[in-house]
1. Does the range 81-93 contain any residue that is in contact with a Cys (Cβ under 8 Å, 6 or more places away or on another chain) and either assigned to a loop (DSSP other than H, G, I, E, B) or assigned by TED's automatic domain parsing to the domain that holds LEU295 (or both)?
2. Collect the residues in the range 243-265 that are part of a loop (DSSP other than H, G, I, E, B) and within 16 Å of the ligand (Cβ to nearest atom), keeping them in residue-number order.
3. What tally of residues in the range 293-336 results from selecting those that are at pLDDT below 95 and within 18 Å of ASP33 (Cα to Cα)?
4. Among LEU76, LEU137, which is the only one that is over 22 Å from CYS29 (Cα atoms) and not hydroxyl-bearing (Ser, Thr, Tyr)?
5. Give the residues of the range 140-179 that are within 10 Å of the ligand (Cβ to nearest atom), farther than 26 Å from PRO253 by Cα and in contact with a Ser or Thr (Cβ under 7 Å, 6 or more places away or on another chain), sorted by residue number.
6. Of ALA216, ALA226, which residue is closer than 18 Å to GLU101 by Cα, touching a strand residue (DSSP E or B) at 6+ places or on another chain (Cβ under 6 Å) and either part of a helix (DSSP H, G or I) or not polar (S, T, N, Q) (or both)?
7. Give the residues of the range 300-340 that are touching an Asp or Glu at 6+ places or on another chain (Cβ under 7 Å), of a type in the set (Gly, Ala, Ser) and surrounded by fewer than 19 Cβ atoms within 10 Å (Cβ to Cβ), sorted by residue number.
8. Modelled with pLDDT of 95 or more, more than 15 Å from the ligand (Cβ to nearest atom) and over 21 Å from VAL347 (Cβ atoms) - does that describe any residue in the range 207-215?
Amino acid sequence: MIGILGGGQLARMTALAAARLGFPCHVFCASADEPALDVCAARTVAAFDDCEALTRFAQSVAVVTLEWENVPLEALDIIAAITPVHPSASVLRVAQDRGLEKRFAREVGVGTADFAIVKSAEELQSAMERFTLPAILKSTRMGYDGRGQVTITAGMDAADAWAQMGSGEGILEAFVAFEQEVSVIVARREDGALTAYPPVRNVHRDHILAETHAPAALDPAVQKEATALASQLAMQLHVVGLLAVELFVLKEPNAKGQRVLMNEIAPRPHNSGHWTIDACPCSQFEMLVRCVAGLPLGSAVPHSQAVMHNILGQDIAKCQGYIADPSACLHLYGKKESRTGRKMGHVTFLKGKWD
Ligand code: AMP
């Protein structure tokens with residue numbers, strides 16, 4: 001039995017991939033209507049600070065993985081005392097904090113946007129004076145899909161921006177005039193064996209991933225740089241499982257000769273890897289299962305080019321067209337309630353043979 005912390009669509013697709021390899025999953029999540037609960041063998045619906053529930057969960061499984069990097073570290077410690085957890089608390093500690101993440105990247109030679117950690121409106125004010133504006137203020141913790149982010153423009157009031165961000169610590173980031181946004185998903189086993197899916201291009205709308213194009217059209221040298229950088233992060237973090245790395249590709253190399261900068265990392269399956277279900281021999285979800293179960297890595301070499309579109313609440317009517325389209329691989333997450341901006345499913349179109 002494989003334990004999964006979190007019950008969203010990533011857990012659902014992981015449990016489906018695990019089932020294909022003959023593994024039942026035990027999902028631990030906080031609410032009773034999460035998508036993964038429909039497709040798992042065992043379920044615990046409890047809070048992430050419920051020690052007793054965490055202990056019982058850990059005792060019931062051979063290994064634990066997760067679909068959410070913000071699982072409280074205390075919960076991981078309780079579980080790790082009983083059964084192995086991949087990825088570990090040390091990986092999550094870095095991935096939970098945008099400041100630590102960027103510092104770590106720089107330490108291992110990976111480029112990032114220039115940044116300053118700010119702990120008050122006054123510190124923000126002085127950072128704004130040093131930075132070329134516009135810049136982006138983000139909360140260091142719990143930010144996703146653009147939440148907790150404020151674009152800082154010249155003349156903006158630091159106290160207003162600080163209040164808008166709404167959290168205890170922020171990171172001011174220089175605005176990167178990127179040519180494109182790409183991501184690389186790396187898989188790593190406990191013995192260090194590693195593989196990476198090719199870089200893909202991501203298009204965001206309203207801060208939410210809208211489309212993934214596989215492959216990203218990149219010069220071979222940039223493709224190599226992106227893959228090397230993502231692999232370097234996975235190795236240096238000693239990730240067991242997956243590491244999704246979101247990257248900015250610059251039009252021209254920066255002063256350090258870098259064309260690729262890290263934006264953020266997520267040590268779990270990633271929305272920009274959903275296309276791998278239909279276009280690769282081994283999907284990101286199966287790859288995760290293989291890594292945490294200590295099985296050989298699968299093949300991350302795609303057989304088809306692909307474009308993935310997210311289906312948000314406002315797009316749900318498009319499903320009638322997708323279901324009738326033989327070229328569309330439709331995946332719905334079984335969410336009971338549709339809301340604007342909520343990820344309800346995705347659709348992948350295969351685009352011919354991978355070169
Ligand atoms: P994040 O939550 O950090 O992934 O940011 C969400 C999106 O905002 C990214 O995918 C980019 O499109 C944009 N963004 C974030 N940080 C920067 C930056 N420093 N410069 C330019 N665009 C950014």
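The values are calculated or read from the model by the stated rules, or taken from the named source; none is laboratory data. Since this is a predicted model, take the numbers as computed values, not measurements. Because the Cβ atoms are built from the backbone with ideal geometry, glycine has one as well, and the counts that use them run over all protein chains shown.
1. Within the range 81-93 (the criterion being in contact with a Cys (Cβ under 8 Å, 6 or more places away or on another chain) and either assigned to a loop (DSSP other than H, G, I, E, B) or assigned by TED's automatic domain parsing to the domain that holds LEU295 (or both)), the answer is yes, since at least one residue qualifies.
2. Hits for the range 243-265 are LYS251, GLU252, ASN254, GLN258, ARG259.
3. Qualifying residue count for the region: 1.
4. LEU137
5. Passing the criteria: only GLY148.
6. ALA226
7. GLY334
8. no
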